[in-house]
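The values are calculated or read from the model by the stated rules, or taken from the named source; none is laboratory data. What you see is a predicted model; the values in this text were computed from it and never measured. Heads up, the Cβs are rebuilt from the backbone with ideal geometry, glycines too, and the neighbour counts pull from every protein chain shown.
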Amino acid sequence: MRTQTRLLVFLGLISLSDGLLIQAQERPVGAPSGQEANTPPKLGTIRGRVIATDTGAGLSKASLMLMPSEPQGRERPLTAKTNAEGDYELKEVKPGRYHLRANRNGYVNQAYGQKASDTRMSQGTLLVVRAGETLSQVDFKLIRGGIVEGRVLDSDGEPLAHVQVMLERFMTLEGKRNLRPMGGGSTDDRGQFRLFGIGPGKYYVSARYRDWQTENEGDSTYPPIYFPGTPNAQEAARIEVVAGGQLSGIDISLAETKAFSISGKVFRSDGKPAVEAMLSNMRMDDGDWGGWMSRGGVVDAEGNFKLGGLLLGRYRLIAESRRSDKPQMASLVVEVGNENVRGVVLSLGDGGELSGRLIVEGGNTKLLPPTMRVMLEPEGGRMMMGRMQGGEVLEDQTFTLRDVTEGAYRFGIFPQLSNLYLRSARVQGKDVLDQPLEIRNGEKLTGAELVLSAEGGEITGVVKQEESGEVARGATIITFSTEASRQIPRSRWTRTTQSDQQGTFRLGAVIPGEYLICAVQNYEFGAESSPEYLQALAKNGKAISVQARGQLSEQLIVRPAPAVE
């Protein structure tokens, strides 16, 4: 299994979530405006070469993927492969801003302009393509991936198959710093695992047992263990992977411990057993990323279910039936203590429903894109079990979201807006702009009002190196409110972007107010959600005042990002 793939998906989900919170960017660079809007823009081209860092030789069969930095719909990414000399060409590129990635078997996946092999610390350089432009020498130097090998055994020295082995690093999400998966794989019938394509750096190794066939039956299980053999992440030993290196003997022993179960019944809305229902659960304890993994349970002919192999903690149970065209569901939080939990009843019903209207201040709906969706993002962590819900905005600016799974959500808009920001969100008179909205099964919430404002400001500029005065490509620009009460996770006043290949940047639809702005290198993705991190940035931050519809042009000096570990 590719160790980097999960991280890319992980970061990709986080990027989408930020976009849904109206992290607006600009209209695509070079896109037509005014009377030219009906004329298709000339398409561009990107050319370059992919080479191996250690040999300098071109790499054939490397895959390139070009993705818009601010997607406006369901555009498919452009792809290409390198030839025998390592050269590639991407044709028919629309004007806009893009992220470009290269990957090849045996090497570490890389974003263009990425300055560190650790993808937490370097997001690469944005590529700006203008109408009819050809970008040349957009080159990559790929690092050979490292390998980690080992075995997972039980307390008797017997091999354990199907154990999930993960490489983890500390990351900051929602203001909390916890170990997060960077990639991994599973053990075979000999208990062996081999993780490859690993970027240089220091990692923690964890083993989590999953036996999907028998875990609901037994009264014991294997709790997660960190190498070399501790359940406590703070006591775990870090391993160091070097480019092209191989670490062997990373062996972990799992010891059985008492497991608990949750049992009960699932009924349809008509009172009959819901034999067709699918069950899943999620452990809700902070810092336990394993809780993101749902596990199923079988419902018998009488509606009985049993979820076994559970450790102590809080779990959210979700039952869902798609017996008809209209899905039904039930959700319940259960606390597992020192004994099995019995007699839980899940009664299926319709999901929640939310309807309302999108309002543009001043009534100029021409500012809206032709297709839009109002989104609900699950609260409590972007990787937690819970589906993002969405509803299309109709021509009269109304929207309806149906069959919403019970839970807490935040509002968002898709696609990202270039000229508007979400100023207020009210549901039945309650302000839910900066706090989660609770939706219950069977509940119908009407009259929601989402107000978009065109009064945002614009910040543009260039980032330069302090000593040489040269432009700084791929720097991260962070702007945040001077008010401490707004320096919080998910703050609408905290924005990030990157400088492009010319060192320039732009932030649009910035909420009017007083801000600090800075440019940093080796920025760790998500770190800005921590108030402590923002306080460290404030020492070198430049004070700016963003006025309604105002335009600022700033020249920034790139500096090292504050340490996070």
Note on Gly429: of the conditions (1) more than 24 Å from Gly550 (Cβ to Cβ); (2) in contact with an Asp or Glu (Cβ under 6 Å, 6 or more places away or on another chain); (3) among the small types (Gly, Ala, Ser), unmet is (2)
Expected single match for hydroxyl-bearing (Ser, Thr, Tyr), in contact (Cβ under 8 Å) with a residue 12 or more places away in the chain and more than 30 Å from Val393 (Cβ to Cβ) among Thr482, Thr460, Thr497 is Thr482
Q) Hey, any hits in segment 142-154 for a residue that's under 30 Å from Pro531 (Cα atoms) and modelled with pLDDT of 95 or more? A) no
Per the filter on segment 390-404, residues out of contact with any Pro (no Cβ under 8 Å at 6 or more places or on another chain) and either part of a strand (DSSP E or B) or closer than 27 Å to Arg322 by Cβ (or both) are Gly390, Gly391, Glu392, Val393, Leu394, Thr398, Phe399, Thr400, Leu401, Arg402, Val404
Original post:
Does Arg473 count as among the basic types (Lys, Arg) and under 27 Å from Thr172 (Cβ atoms)?
Top reply: yes
Inset, instruction - Would you be able to say whether some residue in segment 49-60 is farther than 23 Å from Lys115 by Cα, of a type in the set (Val, Ile, Thr), at pLDDT 95 or above and under 28 Å from the mean Cα position of the chain (by Cα)? - result: no
Going through segment 262-300 in order, the residues found to be of a type in the set (D, E, K, R) and at pLDDT 80 or above are Lys265, Arg268, Asp270, Lys272, Glu276, Arg283, Asp300
Just one listed residue, out of Glu75, Glu149, Glu89, Glu133, is farther than 26 Å from Tyr523 by Cα and in contact with a Pro (Cβ under 7 Å, 6 or more places away or on another chain), and it is Glu75
Just wondering, is there one or more residues in segment 414-428 that are among the polar types (S, T, N, Q), in contact with a Pro (Cβ under 8 Å, 6 or more places away or on another chain), touching a residue at least 12 places away in the same chain (Cβ under 8 Å) and under 21 Å from His99 (Cα atoms)? yes
From the option list Arg490, Arg486, Arg495, Arg473, single residue qualifying as closer than 27 Å to Arg506 by Cβ, touching a helix residue (DSSP H, G or I) at 6+ places or on another chain (Cβ under 8 Å) and assigned by TED's automatic domain parsing to the domain that holds Ala548 is Arg490
Checklist entry - Among the residues of segment 514-537, is any in a loop (DSSP other than H, G, I, E, B) and more than 22 Å from the chain's Cα centre (by Cα)? => result no
Checked pairs for segment 83-95, first more than 23 Å from Ile51 (Cα to Cα), second assigned to a loop (DSSP other than H, G, I, E, B) and at pLDDT below 95, C-beta under 6 Å and 6 or more apart or across chains, list as Pro95/Pro28; Pro95/Val29; Pro95/Gly30; Pro95/Ala31; Pro95/Pro41
Within segment 46-100, the count of residues that are of a type in the set (D, E, K, R) and surrounded by 18 or more Cβ atoms within 10 Å (Cβ to Cβ) comes to 4
Given (1) in a strand (DSSP E or B); (2) in contact with a Gly (Cβ under 8 Å, 6 or more places away or on another chain), Ile488 misses just (1)
Wholly inside segment 127-208, strands (runs of 3 or more DSSP E) that include 2 or more residues that are within 30 Å of Thr494 (Cα to Cα) and touching a helix residue (DSSP H, G or I) at 6+ places or on another chain (Cβ under 7 Å) are 163-173, 176-186
Wholly inside segment 52-109, strands (runs of 3 or more DSSP E) that include 1 or more residues that are touching a Gly at 6+ places or on another chain (Cβ under 8 Å) are 63-68, 87-93, 96-103
Of the conditions (1) of a type in the set (D, E, K, R); (2) assigned to a strand (DSSP E or B); (3) assigned by TED's automatic domain parsing to the domain that holds Ser321, the single one that Asp270 does not satisfy is (2)
Of the residues in segment 462-480, those that are assigned to a strand (DSSP E or B) and surrounded by fewer than 20 Cβ atoms within 10 Å (Cβ to Cβ) number 3
